[in-house]
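Report on the following structure.
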Amino acid sequence: MILDIDGTLLDSNDAHANAWKSSLEKHGHIFSFEEVRRCIGMGADQLLPALVGIESDSEAGKAIIKERGRIFQHDSLADLKAFPEAKEMVEEFSNLGLKICVATSSNQKDLKSFLKIIGIESWIDIAVTSDEVSKSKPAPDLILAALEKSGLAAGECVMIGDTPYDIRAAKEAGVHTVAFRCGGWGDQSLSGASEIYGGPADLRKNLSHSLIFS
């Protein structure tokens, strides 16, 4: 089971968008909340070129990323909450004997905080963050790294995510996706997924009929 975190298990997409928007503004790049929000799910290496044409490893890019991290940690992190039954869903996967991997466009520092907030640290077998790959979602690198670490074939895994970027990354890696609406994307945007649910609680309610048991 390959899990995204932001917008999938943790209600954090708006907080990420606000942090990016504020950081970009401090560096002279003005965008609406909606423009930034549409890019959440990408890592910094994808978001910055998409929005402002700046590479994440440039001096300007590094300054924006550093400020985004400061804003997010200071203004948003303490208020983040897991989606209903997110913890219980992951525990149930573990009890079913599934190997659980997190594949996130967030960095290692943020991920450590997120897992603690959700309360699922003890059930995560593998974690892959944007710090470990050349390209984050929607590139398939994170999913391919998860497959390599797990020792499993793509057909033996299912990805759960909340954005079109999760779906595209998983599809390019040959992995089927279960999508959640709780991250803010509608069914049309998530249409590439094999199944769509409202969130963790909805999947748990329908787990026995889901792709996971097919």
(request) Taking Asp79 as meeting all but one of (1) loosely packed, with under 15 Cβ neighbours inside 10 Å; (2) in contact with an Asp or Glu (Cβ under 9 Å, 6 or more places away or on another chain); (3) touching a residue at least 24 places away in the same chain (Cβ under 8 Å), write down the number of the exception. (result) (2)
(message) Checking Glu85 against (1) touching a Pro at 6+ places or on another chain (Cβ under 9 Å); (2) within 28 Å of Gly69 (Cβ to Cβ); (3) among the charged types (D, E, K, R): exactly one of these is not met. Which one?
(response) (2)
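Anything in the range 28-73 that is in a helix (DSSP H, G or I), among the aliphatic types (A, V, I, L, M) and either within 23 Å of Ile5 (Cβ to Cβ) or in contact with a Pro (Cβ under 6 Å, 6 or more places away or on another chain) (or both)? List them, or say none.
Val36, Ala44, Leu47, Leu48, Ala50, Leu51, Ile64, Ile65, Ile71 - these are the residues of the range 28-73 that are in a helix (DSSP H, G or I), among the aliphatic types (A, V, I, L, M) and either within 23 Å of Ile5 (Cβ to Cβ) or in contact with a Pro (Cβ under 6 Å, 6 or more places away or on another chain) (or both).
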(request) Please specify each residue of the range 186-213 satisfying the condition of being part of a helix (DSSP H, G or I) and aliphatic (A, V, I, L, M). (result) Ala201, Leu203, Leu207, Leu211, Ile212
(message) For the range 27-47, give me each residue that is within 17 Å of the chain's Cα centre (by Cα) and without any contact (Cβ under 8 Å) to a residue 40 or more places away in the chain.
(response) Val36, Arg38, Cys39, Leu47
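Residues checked against (1) surrounded by 15 or more Cβ atoms within 10 Å (Cβ to Cβ); (2) touching a Lys or Arg at 6+ places or on another chain (Cβ under 9 Å):
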{"site": "Phe33", "(1), (2)": "no, yes"}
{"site": "Leu48", "(1), (2)": "yes, no"}
{"site": "Leu51", "(1), (2)": "yes, no"}
{"site": "Ile64", "(1), (2)": "yes, yes"}
{"site": "Gly69", "(1), (2)": "yes, yes"}
(request) With respect to Ser105, determine if the residue is among the polar types (S, T, N, Q), surrounded by fewer than 17 Cβ atoms within 10 Å (Cβ to Cβ) and more than 22 Å from Phe213 (Cα to Cα). (result) no
(message) Out of Val90, Val102, I need the residue that is assigned by TED's automatic domain parsing to the domain that holds Ile118 and assigned to a helix (DSSP H, G or I). Which one?
(response) Val90
(message) Of the conditions (1) surrounded by fewer than 21 Cβ atoms within 10 Å (Cβ to Cβ); (2) farther than 19 Å from Lys205 by Cα; (3) within 19 Å of the chain's Cα centre (by Cα), Glu59 satisfies every one except a single condition; which number is it?
(response) (3)
(message) Going through Asp110, Asp131 one at a time, which residue ends up being surrounded by fewer than 16 Cβ atoms within 10 Å (Cβ to Cβ) and modelled with pLDDT under 95?
(response) Asp131
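Yes/no matrix, rows are residues, columns are (1) over 11 Å from Leu3 (Cα atoms); (2) hydrophobic (A, V, I, L, M, F, W, C):
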residue	(1), (2)
Ile124	no, yes
Ser134	yes, no
Ile143	no, yes
Gly161	no, no
(request) Of all residues in the range 118-144, count the ones that are in a helix (DSSP H, G or I) and of a type in the set (A, V, I, L, M, F, W, C). (result) 5
(request) Residue by residue through the range 160-185, note down the ones that are within 15 Å of the chain's Cα centre (by Cα) and assigned to a strand (DSSP E or B). (result) Ile160, Gly161, Thr177, Val178, Ala179, Phe180
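The values are calculated or read from the model by the stated rules, or taken from the named source; none is laboratory data. Computed from a predicted structure; not experimentally measured. Cβ: placed from backbone, ideal geometry, glycine included. Neighbour counts: every protein chain shown.
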